[in-house]
């Protein structure tokens, strides 16, 4: 995981708009999830999801590290104590973006609610834009994406095409200490850049 001081990385991010922020290279992209230890241990040991992981529920992936930190309380919320960095192929992530249907009718851009409901029923990927947050949890004008996966999309992500699964909880806990102390000059975060949006 490529990390740099928060002050340096965040200076390059846009202040507003709907932005996919992620750490990626020519082939792969990193997304984040938070789980209880039982699920995290299986995933790291087997380099795929299984065991207590549910394949019958929608699973949300977040390419933006600080959104995951807000959602999990920096790995402090119940059942979100372990933070996983999951690397998947960019072609898979791009296919998820192309399949995605907005999680609400008003955000879908579709002309009727009936068309949106039909699209939701026939897609395995949900798209939701949420306010990004600063390290203290303050909402920002910029919106970042999370994608909900189910059925075949979830199997592709969790088992079939996963590149690697890393437990970054020790890193998260160390950075949380800087946030709690109000020492953002010490805070390190993954180097994330604007990722191209792929929508049909």
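Read the figures in this text as sums done on the coordinates, not as results from a lab. Owing to the predicted nature of the structure, the values given are computational and were not obtained by experimental measurement. In this analysis, Cβ positions are derived from the backbone assuming ideal geometry, glycine residues included, and neighbour counts consider all displayed protein chains.
Calculate, in nm to one decimal, what residue 166 and residue 114 gain on full extension: separation in residues at 0.36 nm each, minus their alpha carbon distance.
Answer, rounded to one decimal: 14.6 nm.
At 37 °C and 0.692 mPa s, what whole-number value in µm²/s does Stokes-Einstein give for the translational diffusion of the chain, with Rh from the Kirkwood sum over Cα pairs?
The diffusion coefficient I find is 189 µm²/s.
So what's the projected area for segment 148-200, the Cα convex hull averaged over all directions, in nm²?
Result: a mean projected hull area of 6.1 nm².
Figure the gain on full extension for residue 159 and residue 121 (residue separation times 0.36 nm, minus the Cα-Cα span) and round it to one decimal in nm. Walk me through the intermediate numbers first.
Values: separation 38, 0.36 × 38 = 13.68 nm, distance 2.31 nm.
11.4 nm is the gain from fully extending residue 159 to residue 121.
Taking only Cα atoms and a 10 Å spring cutoff, compute GNM fluctuations for the chain and point out the largest among 32, 136, 157.
136
Just to be sure I understand: with springs between alpha-carbon atoms less than 10 Å apart, which residue in 85, 158, 102 has the highest mean-square fluctuation in the Gaussian network model of the chain?
102
Which value in deg cm²/dmol, rounded to the nearest 500, describes the helix-derived mean residue ellipticity at 222 nm for the chain, given -39,500 (n - 2.57) per DSSP H run of n ≥ 4 and division by the residue count? Don't skip to the end; give the middle numbers.
Working: 8 runs with 63 residues, N = 200.
Value at 222 nm, helices only, nearest 500: -8500 deg cm²/dmol.
Please compute the volume of the convex hull spanned by the alpha-carbon atoms of segment 5-68 and report it per residue in Å³.
Details: hull volume 9.1 nm³, N = 64.
Spread over its residues, the Cα hull of segment 5-68 gives 142 Å³ apiece.
Quick one: which of 49-59, 7-17 comes out on top by average Cβ neighbours within 10 Å, and what's the full order, highest first?
49-59, 7-17
On a full-extension model of 0.36 nm per residue, what is the gain between residue 57 and residue 15, subtracting their alpha-carbon distance, rounded to one decimal in nm? Intermediate results must be reported in sequence, preceding the final value.
On the way: separation 42, 0.36 × 42 = 15.12 nm, distance 3.33 nm.
The residue 57-residue 15 span can extend by a further 11.8 nm.
If I model a spin label at residue 188 and residue 47 as a point 7 Å from the Cα along the Cα→Cβ vector, what separation in nanometres do I get?
In this crude spin-label approximation the distance works out to 2.4 nm.
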